[in-house]
1. For segment 306-319, name all the residues that are over 13 Å from ALA291 (Cα atoms) and in a helix (DSSP H, G or I).
2. Residue check: is LEU30 surrounded by fewer than 21 Cβ atoms within 10 Å (Cβ to Cβ), modelled with pLDDT of 95 or more and under 27 Å from THR255 (Cβ atoms)?
3. Taking into account only those residues within segment 287-312 that are among the small types (Gly, Ala, Ser) and in contact with a Phe, Trp or Tyr (Cβ under 8 Å, 6 or more places away or on another chain), which is nearest to ARG71 (Cα to Cα)?
4. Here's a check for you: in segment 108-135, which residue that is in contact with a Gly (Cβ under 9 Å, 6 or more places away or on another chain) and either in a helix (DSSP H, G or I) or more than 8 Å from the ligand (Cβ to nearest atom) (or both) is least open to solvent (accessible area, probe 1.4 Å)?
Amino acid sequence: MRPKSSSGSVASGEVDIIVNRSRFELAKYLKERAELIERQLATSLPASDDSGSRLIEAMRYSLTAGGKRLRPILALAACEAVGGQLEQAIGYACALEMIHTYSLVHDDLPCMDDDDLRRGRPTNHKVFGEAVATLAGDGLLTDAFGLVARSARTAGIPAEIVIDTIGDLAEACGSSGMVGGQAFDLHAEGRTLTQEELEELHSKKTGALFIASVCGGARLGGARPAQLHSLRKYASALGLAFQVADDLLDVEQTTEHLGKRSQKDQTRGKATYPSILGVERSRALAHDLAATACDALAAFDNRSEPLRRLAAFAVERSQ
Ligand code: GRG
């Protein structure tokens, strides 16, 4: 039973939650956070190439091409959900976007998915050539780790927290995470996968970086072990929900709307949630997973409201 105050309204803690829920405007929040991250990203790379190699220009080209900025937004939201301040996680948030952008640049290469369009622009290798695009991805990935270390020092984060954060981030990106998932994906092309195999593929290729985003942001914000445990469950469900929604968007949206080639999973013979479960069951699964993500936040207070709304956004988005 909800406690009532003498005036008949709900008790103050509850009022905060309700007021914040009704006032919280997700579209405004996403826009403001994306702008904050983009301002920071603009200062995260050298201004230009002294060597004339166009490397930095290529890195900037993909990093400033827009995108939802969902991983850094999640990192900042998780930091705040545990009572941390934005300054503690902003460098880490930018590093996540650099790593995500590297993965897109490499994923688009002719030796991978061979795509022409990304974030509404010609892909990096179409503009800069394959060699510079490959190096731009390498530069973004490697510089991201330097940024995590430097920004954590500036923010005065204790060394053991930084070491754990960097270790987990490297694992999420490497052979047992995103790169391993990409290798699994290439190997699985044209083969029929079970739903369990598809889940394993995506937990590495997409999910691992979502977990590193949420848990890394929270750890830098001072999360306790029990909070990290719950946030890992949140991020794991959210990552899968995001991927199911991505598979649905690939089927249902146009190339113009997505800013990247649509219908490409079917063209390349990739197993997807709609191909295994059908569209309606996939949509239901995405919503169930978003609900599971929110359930994992049961012990958190109203500061976790953005995380809840981001879980819904992951499945309801149109891009
Ligand atoms: C090492 C050569 C080499 C390649 C590795 C790691 C990798 C390339 C690829 C895997 C990463 C990948 C492309 C995963 C797909 C995940 C996904 C759905 C990306 C789209 O994310 P959004 O929708 O994109 O957040 P925006 O543009 O909004 O940031």
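The values are calculated or read from the model by the stated rules, or taken from the named source; none is laboratory data. Quantities reported herein were computed from a predicted structural model and do not represent experimental measurements. FYI the Cβ positions are ideal-geometry reconstructions off the backbone, even for glycines, and counts take in every protein chain you see. Calculation scope for accessible area: heavy atoms of the full protein, side chains included, ligands and nucleic acids excluded. Shrake-Rupley method; radii C 1.70, N 1.55, O 1.52, S 1.80 Å.
1. First, pick out the residues of segment 306-319 that are over 13 Å from ALA291 (Cα atoms): 306, 317-319.
Across segment 306-319, the qualifying residue is only PRO306.
2. Working: surrounded by fewer than 21 Cβ atoms within 10 Å (Cβ to Cβ): yes; modelled with pLDDT of 95 or more: yes; under 27 Å from THR255 (Cβ atoms): yes.
When the stated conditions are applied, LEU30 passes them.
3. Within segment 287-312, the subset among the small types (Gly, Ala, Ser) is 290-291, 293, 296, 298-299, 304, 311-312.
If we keep only those that are in contact with a Phe, Trp or Tyr (Cβ under 8 Å, 6 or more places away or on another chain) as well, we get 293, 296, 311.
Working: ALA293: 15, ALA296: 18, ALA311: 12 Å.
Looking at residues that are among the small types (Gly, Ala, Ser) and in contact with a Phe, Trp or Tyr (Cβ under 8 Å, 6 or more places away or on another chain), I get ALA311.
4. Looking only at segment 108-135, we keep the residues that are in contact with a Gly (Cβ under 9 Å, 6 or more places away or on another chain), and these are 109, 117-121, 124.
If we keep only those that are either in a helix (DSSP H, G or I) or more than 8 Å from the ligand (Cβ to nearest atom) (or both) as well, we get 117, 120-121, 124.
Numbers: LEU117: 53, GLY120: 54, ARG121: 75, ASN124: 7 Å².
Ranking the qualifying residues of segment 108-135, first place goes to ASN124.
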